[in-house]
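Below is one structure; the comments refer to it alone.
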2 protein chains.
Amino acid sequence: MSKSKVPLPLASGASEAVAPCCPPLTERPFTAEEAETAARMFKALGDPVRLRLFSAVASHKGGEVCVCDISDVGVSQPTVSHHLKKLKEAGLLTSERRGTWVYYRVEPSALASMSRLLAVTPAAA
Amino acid sequence: MSKSKVPLPLASGASEAVAPCCPPLTERPFTAEEAETAARMFKALGDPVRLRLFSAVASHKGGEVCVCDISDVGVSQPTVSHHLKKLKEAGLLTSERRGTWVYYRVEPSALASMSRLLAVTPAAA
């Protein structure tokens, strides 16, 4: 994997990859298209279990987590896998299968994108 | 629709100690409680119309918008009002009625809270 800053084409299989979007929410009213893209990312984090999973991956040493290592969010393994897949579809995680297990990591451009969205611009202060 | 109306710590009005939630998502795995609180904010922004409305309010000169001034998001006035109410319930907006109209503004602590959530910490870089 290269470290280029080229906007997502997210990992293999993500059929609905989300391109990094948009200006800060405080900068100007969003267009319908921007809102569609950004809302998809927020929606993916709008579920407590997915948020815990995202946080578990994002905060993990080395930035990568094996599905097999996630067991403390109070849901079954299939449910974990389901939610991780949703996060991947929203462009927030990438995944790689190695042998039996799938490993997830945060898509840095997605995190940066959301961070930018919520940046507080001087105009809004 | 029939979600409980348990108010968030960020409720408008009395500027009672806003419980800012939470640490950056990249800092450590979220607890169930943190995830509940934060997911509610993300969920509120996980809808394109609500996101456009939030952006319209957040980017408006003076930081305040009259409901009567919002007409360009492609939905009816009652729908606008409905979504603004949802954003308020999630603690992202505050409102004030003056005469006939309701005026909305962004709850700064909510924006700061979400911004912090998505901050990219060195550990995650």
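The values are calculated or read from the model by the stated rules, or taken from the named source; none is laboratory data. Model, not experiment: these values are computed from the prediction. All Cβ positions, even for glycine, are placed from backbone atoms using ideal geometry, and neighbour counts span all protein chains on display. These area figures cover heavy atoms from the full protein model, side chains too; ligands, DNA and RNA do not enter into them. Shrake-Rupley method; radii C 1.70, N 1.55, O 1.52, S 1.80 Å.
Just read off the accessible area of B:LYS88 with the full protein assembly in place, 1.4 Å probe, to the nearest 10 Å².
70 Å²
For segment A:39-48, take each phi angle, set θ = phi - 60°, evaluate the Karplus expression 6.51 cos²θ - 1.76 cosθ + 1.60, and give the result in whole Hz per residue in order, putting x for glycine and proline.
4, 5, 5, 5, 4, 4, 8, x, 10, x
Non-local amide H neighbours of B:LEU93 (under 5 Å, H modeled in plane, Pro and chain starts lacking H): which ones?
Amide H neighbours of B:LEU93: B:LYS88, B:GLU107.
Give the nm distances, rounded to one decimal, from B:PRO78 to the matching residue in every other copy, measuring between label points 7 Å along Cα toward the beta carbon; shortest first.
Shortest to longest, the spacings are 4.2 nm.
With Kirkwood's inverse mean 1/r over C-alpha pairs for Rh, give me the Rg to Rh ratio of segment A:32-119, two decimals please. Walk me through the numbers on the way to the answer.
Details: Rg = 13.0 Å, Rh = 13.3 Å.
Taking Rh as the inverse mean 1/r over Cα pairs, Rg/Rh reads 0.97.
Which distances in nm, rounded to one decimal and ordered from shortest, link the label point of B:THR100 to the equivalent label points in the other identical copies, with labels set 7 Å from Cα toward Cβ?
Result for B:THR100, in nm, nearest copy first: 6.9.
Using modelled amide H (1.01 Å from N, peptide plane; none on Pro or chain starts), what sits under 5 Å from the amide H of A:VAL102, excluding residues fewer than 5 places away?
A:VAL67, A:CYS68
Which order do A:ASP69, B:ASP47 take by accessible area at a 1.4 Å probe, largest first? Can you show the working numbers first?
Working: A:ASP69 100, B:ASP47 40 Å².
So the residues, ranked largest to smallest area, are A:ASP69, B:ASP47.
Can you give me the solvent accessible area of A:MET41 with a 1.4 Å probe, rounded to the nearest 10 Å²?
Per-residue accessible area (A:MET41): approximately 0 Å².
Could you run the Karplus curve 6.51 cos²θ - 1.76 cosθ + 1.60 with θ = phi - 60° over segment A:79-94 and give me ³J(HN,Hα) per residue in whole Hz, x for Gly and Pro?
Working through the residues one at a time gives 5, 4, 4, 4, 5, 4, 5, 4, 5, 5, 4, 7, x, 8, 10, 10 Hz.
What spacing in nm lies between the two simple spin-label points modelled at B:LYS61 and A:TRP101, each 7 Å away from Cα in the Cβ direction?
Output for this residue pair reads 5.7 nm.
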